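Student: Have a look at the structure that comes next, please.
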Amino acid sequence: MIAWIEGRETGFDDEGQGDPVLFLHGFPLRRSIWTAQVAALSDRARCIVPDLRGFGESAPLSPYSMDRYADDVVELLDHLQVERAVVCGLSMGGYVAFALWRRHAHRVRGLALLGTRAGADAVAGAQRRRELMAIAAERGSGGIADQMMPGMLGKTTRERNPSLGDSVHAMLESAPIAGSIGALQAMLDRPDSTPTLGTITVPTLIVVGDEDVLTPVAESEVMHAGIRGSHLEVIAGAGHLANIERPAAVNHVLGEFLASLQLT
Ligand code: MLT
């Protein structure tokens, strides 16, 4: 559905009954990447799934920053009269989850961090990001899709399920260019969340595909070491988009995590 929230068109889904879980997609994606998780969990959780500003059906309005995305989703929670939610963020959605924790910790019941990292862009990563922005300006979303695609899915998925690659490529290609360029700048500018790790006091699940080359397992190990009491699950045979590559495995670990919070 689409709602006007604080003067902006915001696309989101709100499905299921139970304690709220907020799903935040990665770059340059949209809320439909969570379809399998909503299908599996909406019998026991209220799944709130926004398009981040500039993606899917949410208006591409400046400014773009991790803080702004975090404030946007809190405005959505306010609109839905939801006080607290488990926040489940994939990749860029994880960067937003860290901003949410820093700015609105009282709204966060727990964290599930999938295929993400705490660190800011290092020198080489920042350079790569600027190159991608130049490609985006020149070639549009097709250029971003071609550059991003090799890192999105694991080797196993690419070999065994090539049609998934086609649908992910189509999704990347259809991302609105203004939103993508805004997100690239926001990721380039994002702060290092490593100092945030030690401040996290809510139950935290970390999930990563063992074939993830964009946010390798070592990044998840850093978060696991930094977040007291966190739980790390490595999904075999999955890459960066583990939740769509191995949905049953990811649904299982998310379901167990929600059960451990006594949300189910
Ligand atoms: C994502 O999947 O959200 C991006 O790969 C994150 C990034 O480029 O840092």
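Student: Given charges of +1 on the Cβ of Lys and Arg and -1 on the Cβ of Asp and Glu, with all other atoms neutral, how large is the dipole of the chain about its Cα centre, in debye to the nearest 20?
Tutor: Around 340 debye, computed over the chain.
Student: Now for a separate question. Compute the FRET efficiency between GLU221 and ARG103 as 1/(1 + (r/R0)^6), taking r as their Cβ-Cβ distance and R0 = 35 Å, and round to the nearest 0.05.
Tutor: The value I calculate is 0.85.
Student: Convert each backbone phi in segment 249-256 into a coupling constant with the Karplus relation 6.51 cos²θ - 1.76 cosθ + 1.60 (shift: θ = phi - 60°), then list the ³J(HN,Hα) values in order as whole Hz, x for Gly and Pro.
Tutor: Listing the rounded values in order: 5, 5, 4, 4, 5, 5, x, 5 Hz.
Student: Using modelled backbone amide H atoms (1.01 Å from N, in-plane), which distant-in-sequence or interchain residues come within less than 5 Å of ALA45's amide H?
Tutor: Placed amide hydrogens put GLN17 under 5 Å from ALA45.
Student: Same structure again: May I ask you to evaluate 6.51 cos²θ - 1.76 cosθ + 1.60, the Karplus curve with θ = phi - 60°, for each residue of segment 117-123 and list the ³J(HN,Hα) values in order in whole Hz, giving x for glycine and proline?
Tutor: These are the phi-based 3J(HN,Hα) values: 8, 8, x, 7, 5, 7, 4 Hz.
Student: May I ask you to compute the full-extension gain from HIS231 to GLU75, defined as 0.36 nm times their residue separation minus their alpha-carbon distance, rounded to one decimal in nm?
Tutor: Full extension from HIS231 to GLU75 adds 53.2 nm.
Student: Mind giving me the FRET efficiency for GLU15 and ARG84? R0 is 22 Å, r the Cβ-Cβ distance, nearest 0.05 is fine.
Tutor: Efficiency at R0 = 22 Å is approximately 0.75.
Student: Using θ = phi - 60° and the Karplus curve 6.51 cos²θ - 1.76 cosθ + 1.60, what whole-Hz ³J(HN,Hα) does each residue of segment 185-202 get, with Gly and Pro shown as x?
Tutor: Result, rounded to whole Hz: 5, 5, 5, 4, 7, 5, x, 6, 8, 4, x, 6, 3, x, 8, 7, 10, 9.
Student: Under 5 Å between amide H atoms, partner at least 5 residues away or on a different chain: which partners does ARG109 have, H built in plane at 1.01 Å?
Tutor: Here ALA85, VAL86, VAL87 satisfy the definition.
Student: What does the charge add up to near SER62, with Lys and Arg as +1, Asp and Glu as -1, over the other residues with Cβ less than 12 Å from its Cβ?
Tutor: +3
Student: So if a site counts as exposed when it's one of the GluC sites (Glu not before Pro), its DSSP state isn't H, G, I, E or B, and it has at most 11 other Cβ atoms within 10 Å, what's the longest stretch of the chain without one?
Tutor: 84-264
Student: According to a simple spin-label model (label point 7 Å from Cα along Cα-to-Cβ), what is the distance in nm between ILE2 and ALA248?
Tutor: 3.7
Student: With each pseudo-label sitting 7 Å past Cα toward Cβ, what's the SER32-VAL123 distance in nm, one decimal?
Tutor: Once both label points are built, they end up 4.2 nm from each other.
Student: Mind pulling the per residue volume of the convex hull built on the Cα atoms of segment 1-151? Å³ is fine.
Tutor: Given the Cα convex hull of segment 1-151, per-residue volume reads 116 Å³.
Student: Counting Lys +1, Arg +1, Asp -1, Glu -1, what net charge surrounds LEU205 among other residues with beta carbon under 10 Å of its beta carbon?
Tutor: Cβ neighbours under 10 Å give a net charge of -2.
Student: Moving on. Counting only helical runs of four or more DSSP H residues, what would the 222 nm mean residue ellipticity of the chain come to if each run contributes -39,500 (n - 2.57) and the total is spread over all its residues?
Tutor: One gets -14000 deg cm²/dmol as the mean residue ellipticity at 222 nm.
Student: Enumerate the residues in segment 1-26 having an amide nitrogen under 14 Å from the point lying 7 Å beyond the Cα of LEU61 toward its Cβ.
Tutor: Residues passing the 14 Å test: 3-11.
Student: Once you place label points 7 Å from the Cα toward the Cβ at GLU159 and LEU188, how far apart are they in nm?
Tutor: Inter-label distance under the simple model: 3.7 nm.
Student: Which of the trypsin sites (Lys or Arg not before Pro) across segment 117-159 are loop residues per DSSP, with 10 or fewer other Cβ within 10 Å?
Tutor: none
Student: Here is a follow-up. Percent of Cα-Cα pairs more than 30 Å apart in the chain, please.
Tutor: Of all Cα-Cα pairs in the chain, 19 percent lie more than 30 Å apart.
Student: Relative to 2.2 N^0.38 Å, what does the C-alpha radius of gyration of segment 132-192 come to as a ratio? Two decimals please.
Tutor: Working it through for segment 132-192, the quotient is 1.22.
Student: Extension gain GLU256-ALA39, at 0.36 nm per residue separation less the Cα-Cα distance, in nm?
Tutor: Residue separation times 0.36 nm, minus the Cα-Cα distance, leaves 76.6 nm.
Student: Report, by chain and number, residues whose modeled amide H sits under 5 Å from the one on GLY154, excluding near sequence neighbours (fewer than 5 apart, same chain).
Tutor: GLY239, HIS240, LEU241
Student: So, one more: With contacts defined as alpha carbon pairs under 8 Å and 6 or more residues apart, what's the relative contact order of segment 2-260 in percent?
Tutor: Once normalised by length, the contact order is 20 percent.
FYI, it's all coordinate maths here, none of it is from the lab. Just so it is clear, the model here is predicted, and its values are computed rather than measured. Here Cβ is always computed from backbone atoms with ideal geometry, including for glycine, and neighbour counts include all displayed protein chains.
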